[in-house]
1. Taking beta carbons within 10 Å but only from partner chains, what does the mean come to for residues B:208-218?
2. By per-residue mean of other Cβ atoms within 10 Å, what is the highest-first order of A:165-174, B:85-94?
3. What size of dipole, in debye to the nearest 20, comes out for region A:195-350 about its Cα centre when the only charges are +1 on Lys and Arg C-beta atoms and -1 on Asp and Glu C-beta atoms?
4. Where nothing but the Cβ of Lys and Arg (+1) and of Asp and Glu (-1) is charged, how large is the charge dipole of chain B around its Cα centre, in debye to the nearest 20?
5. Taking a cut-off of 16 Å between Cα atoms, list the aspartates and glutamates near residue B:316, but don't count ones fewer than 8 places away on the same chain.
6. Can you give the helix-only mean residue ellipticity at 222 nm for chain A, where every DSSP H stretch with n ≥ 4 adds -39500 (n - 2.57) and the sum goes over all residues, rounded to the nearest 500 deg cm²/dmol?
7. Based only on Cα atoms, what Rg/Rh ratio does region A:47-129 have, Rh being taken as Kirkwood's radius?
8. To the nearest 20 debye, what is the magnitude of the charge dipole of region A:297-423 about its Cα centre, counting +1 on the Cβ of each Lys and Arg and -1 on the Cβ of each Asp and Glu?
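Here, each number is a calculation from the coordinates, and none is a lab measurement. Just so it is clear, the structure is predicted and the values come from calculations on it, not from any experiment. In this analysis, Cβ positions are derived from the backbone assuming ideal geometry, glycine residues included, and neighbour counts consider all displayed protein chains.
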Amino acid sequence: MMAAKPRLSAHPWLIASSLALLTIFSVGSLPGSAMAQDEGGASPSTTPQILNVTIGYLTEAIPEPPPLSLVEVVAKDKGLAGAKVALADNNTTGKFLKQSYELKEKTVAAGGDLKAGLDDLVGQGAKLIVADLTADRLLQLADLPEAKDLVIFNIRAEDDSLRLKDCRANIFNVVPSRAMKTDALAEYMAVKKWMRWVLVSGSNDADKAYADALRHSAKKFGAKIVEERTYEFKAGSRRSDTGEAQIRKQMADLTQRLPDYDVLAVADESEVFGEYLPYRTWDPRPVVGTQGLVPTAWHRSQEQWGGMQMQRRFEAAAHRWMLERDYSAWVAVRAIGEAATRTGKADPADVHSYLVSDAFTVGAFKGQGLTFRKWNQQLRQPMVLASPLMMVSVSPQEGFLHQRTPLDTLGYDEPESACHLNK
Amino acid sequence: MRRLLMGTLGWTSSLFSVAFLTSVAAGSAQAFTAYVSNEKGNSISVIDLDKMEVTATVQVGERPRGITLSHDKKQLFICTSDADHIEVLDLDTLKVVNTLPSGPDPELFTLSPDGKTLYVANEDNNMVTVLDVDQGSVASEIPVGTEPEGMGVSPDGKWLVNTSETTSMAHFIDTSTHEVIDSVLVDTRPRYAKFTPDGKFVWVSSEVGGTVSIIDAATRKIMHKVTFEIPGVRKETIQPVGVAITDDGKTAFIALGPANRVAVVDVASYKVEKYLLVGQRVWQLAFTPDNKLLLSTNGESNDISVIDVADQKVTKSITVGELPWGVAIR
């Protein structure tokens, strides 16, 4: 379909362009004060400063269960693939500024030595770390003396505790918290006037945390949880050749004899049963939460605001569609790129101060620039609400207002948080 | 009916409205035709600007976005983005008579003033493709930043400015050597580049940054940034995209995306004089050749708004196809 044509690679081109012709922004220049030379003029005083930025990607080899549905993609490079695409984007920009970006990856064994992993990355020059870790491991990493002066980007742990009390000066939370997600959902439920919820939770810690977030959001936006139920995982419940009838009966039993309600909110982060609920509930009710209508930072149906370009670029590079963790990793690496592009610096202290400054914003296919909350270093962002194949809505919903930005209607607000970073 | 009504009102109310009446009369005499690409409709809507109605809808290749007229105004070049080429629509027969290679995912392009060269932004592969129109062949490819989109050529044809959205730069390209000579960092997600008629300045809109940077074309310094503020409209929804400047160089119109407004800017003072309410998610703009009318494409309301330039008033909206994107008028 695509005509085969010669491609120029960036590298020879870069050499071919004489340094004198390529005008470089002075290191430290801010937007609007871009340095420029006279046409074709060579000036030795603007000899380019080469900036090499090394980014570390640290993860732990924790096995993740396969998705319940065969349709869902099984990704072994979830997160990392997004970081790689952003790295290429940074390098495309960087070639005009004599900046280059490198990514160093490190996977520690499950329960393995995080310090050794970090030492390895720092030894290779990485002082900006993308952390694909759970909350407890993330805190272990951030609290290492070696990590004190680094900048760590959390792209995985959605725990509200990391935004409410366990904040760290060296952690930037790129992934949305659970409360941001469930608030996004609750705003949409309020718009729809679907205010009577039944909450069905799984029994793992993550499921319980998501259920807590749902309860908090219901209260915040005036929805009522009319009844709560718990689903206990039993061996044999999962998909099997003969399991269809059994699953249907189980889900009907689970949702039988409930008071009148509008939606069934499910908290099943472990993906044990939530995907079985739609169309199998006793009463005909929509399913929302971790399955059904899902609040998420990214969805494969997101084509607005240039999203199509991101989806295509990602799919061409990773040969699968972009998942939420890929998106968070992409934003983290692009935030680093934005700091380096705009300031000409990439030391952790410089990156940190730029990311929490008013000057920082990163475009990330959400129709508005994204920024960090200063008090807990959480990325503000609109949340997509999506059914399996389609974006349904985007929160914050119209009419939900906040003194700073409507985005701060999502998640715990500053007065609710014990974190007071960057004061 | 509507036009008649407005005309009658104009006759009885004010001098301004008389000017409007004149413009309609001029439009009738010249019978301008507008062409609008419908990104999701995979079609081109043909609009008779005398009758103010759609007279034909032509099916074209997948995902038509940027469109521009040939030098002789007999053909329309169409970036059919998902078909990965440029289609050439004969405007007398309304048939696609040719396709031109463009590189993958052509989004927006600009024609050199002599009509011989099309400069195409390839959104998916970070390239600007230089296309020889007569030969129908690719003359060169120029590596630029991530997600190239905006394309502006200087009136003398010597300079091409391309904007790259994720890189947030305006790349100044020497059209004789096809090399990027300079790259100016602007605010986030630059979408459009437009030279002033005297060739001295380039206006670059930043969609997410919410500003328009005015760059001195000789020194490549940002001289000024136009910002926008509309009472009752959320700042985040003010997203500048299309820029149109009158031939006399005095007035600029800027499409503000989901703010559903077109800003009117006095070029001399950079002051925003007015915001015109148009359809939803306004992106691209084009003048009639006499500069009396300006059309805006409104992606979400599937229509175009007709703006009376002298009056600075929206006089009409016309429903076109699904997700209107680009507009050209002859």
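1. Neighbouring Cβ atoms belonging to other protein chains average 3 per residue here.
2. Ranking the peptides A:165-174, B:85-94 by packing returns A:165-174, B:85-94.
3. Value, rounded to 20: 220 debye.
4. Values: 29 positive and 42 negative charges, 248 e Å.
Charge dipole, chain B, about its Cα centre: 1200 debye, nearest 20.
5. The qualifying aspartates and glutamates are B:48, B:50, B:53, B:303, B:308.
6. Rounded to the nearest 500, the figure is -9000 deg cm²/dmol.
7. Rounded to two decimals, Rg/Rh equals 1.09.
8. Using Cβ point charges on Lys, Arg, Asp and Glu, region A:297-423 gives about 300 debye.
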